[in-house]
1. So which chymotrypsin sites (Phe, Trp or Tyr not before Pro) in the range 146-239 are both in a DSSP loop and have at most 15 other Cβ atoms within 10 Å of their Cβ?
2. Can you tell me the Rg and the Dmax, both Å, for the Cα atoms in the range 296-401?
3. Calculate the length of the line joining the C-alpha centroid of the range 103-131 to that of the range 1-20, in whole Å.
4. Please work out the Cα center distance from the range 210-245 to the range 350-377, rounded to the nearest Å.
5. Write out the trypsin sites (Lys or Arg not before Pro) in the range 1-43 meeting two conditions: DSSP loop, and at most 15 other Cβ atoms within 10 Å of their Cβ.
6. What is the chain's relative contact order, in percent, from Cα pairs under 8 angstrom and six or more apart in sequence?
7. If each Cα of the range 398-459 is one equal point scatterer, what is log10 of I(q)/I(0) from the Debye formula at q = 0.13, 0.25 Å⁻¹?
8. Between rounded, prolate and oblate, where does the range 95-234 land on the alpha carbon gyration tensor, with a ≥ b ≥ c its root eigenvalues, rounded for a/c under 1.5, else prolate if a/b exceeds b/c?
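Coordinate-derived values only; no laboratory data. These numbers were taken from a predicted model, which means no experiment stands behind them. Cβ atoms come from the backbone with ideal geometry, glycine included; neighbour counts cover every protein chain shown.
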Amino acid sequence: MRTLQQRTVALGIDVYMECTVTRLLTDNGEITGAFGYWRESGRFVAWQAPSVVLATGGIGKSYKVTSNSWEYTGDGHSLALQAGATLVNMEFVQFHPTGMVWPPSVRGILVTESVRGDGGILKNSAGNRFMFDYIPDFFRKETAETEAEADRWYEDKKNNRRPPELLPRDEVARAINSEVKAGRGTPHGGVFLDIASRRSPEYIRKRLPSMYHQFKELAEVDITAEAMEVGPTCHYVMGGVEVDPDTEAARVPGLFAAGEVAGGMHGSNRLGGNSLSDLLVFGRRAGLAAAEHALKRIDRTHLREDALADAARAALAPFDREGGENPYTVQHDLQQTMHDLVGIIRTEPEMEQALERIAALKERVANLSVEGHRQYNPGWHLALDLPHMLVVGECIARAALERQESRGGHTRDDFPATDAEWARTNLVCSRAPDGSVALTRQPLPRMPAELAEIFEESA
């Protein structure tokens, strides 16, 4: 991020640091700009722009445990929806299997897969290497079935199958979740990731310096001498703004999206490392298309005074209420709802309950109140973020309830198998006239014959 900022400054581009957009501005169904505020001063700012590119990242702060930073409120997803765009694949949420679980202040921070790639193994509270009990039939041919074979893989990858700890993220996350639910978890609700008993301290410090310092400084754990406590953490959403693959244009003229906020690129489950390829390829496409669109409309956009006034009133509303809901309490209840009811393993009754809770939370969000002034006021900032987080939560829950199968980052305990019919269907979220989330089914585009042939050859 710093490299990008330095490059844009060098090119003479204005960079608005610590500035948050609260609304995309439109006129006659087309983008005209954006409205936001400076986080430090609370002063409002508006941009007149015929093209807007969303690159706001993911939705992790809607969940109780996440690897995402504080900015990942799903605001880009929500802003796009409010402006008239659609969201696709929102039911597919990737939970990274290994995030820190203790102490609470660092819960969710990522523990890199390289720990397992360099020899780390997962154990339950009984000391059992449990991943051998969770090898799916689909991966059985390429996964070691004994500890001896798995250990040989680290020295001879060509002639041995991979350890089950290196199964896809969703498989490992589900296995950990099952062990914890079965009462075989660690004292703080995770499992043990052990590399200390398998590699020398010198090897660990050399190969995993960032992990060594992360646990030493944040959890007072020496990973060269003891096991780490880890557990699943909300990591990445495959769903996002529905865009054209060639231009990254949304359904609203002038709106573009790239990166995690855009949907459709990764299907039901992103592969590790593909987010960088996504950014490089589709970020460039979005920029080129946005620039081309802007050049055609540079003299044809203006900001309506009534739209600016309405955006300002909405942003200041929490200051005008007295004795309303506390934003932090509402955030806690939303995160707990998503964690408990729309998490790794999902069922129809739980998701119906989640939607009932979200409906109640909407009423509470409409009554949020904050104290103090506009100058750097985290409570006010959260009050403005919560509507976005609620919209994202509703989209995920509605789409997950509708998709009656298990696929990629979406696991239904009541529909554990994949379904060929659902493989040809996308779920699309839009904003209904009353402000609620509407859901429609949309057939997937047919795969080009030359691409289908490649898949058949590699199957």
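1. 154
2. 17.1, 53
3. Here the answer is 37 Å between Cα centres.
4. Computed from Cα coordinates, the inter-centre distance equals 28 Å.
5. Within the range 1-43, the qualifying trypsin sites (Lys or Arg not before Pro) (loop, at most 15 other Cβ atoms within 10 Å) are 43.
6. Result for the chain is 21 percent.
7. -0.49, -1.06
8. oblate
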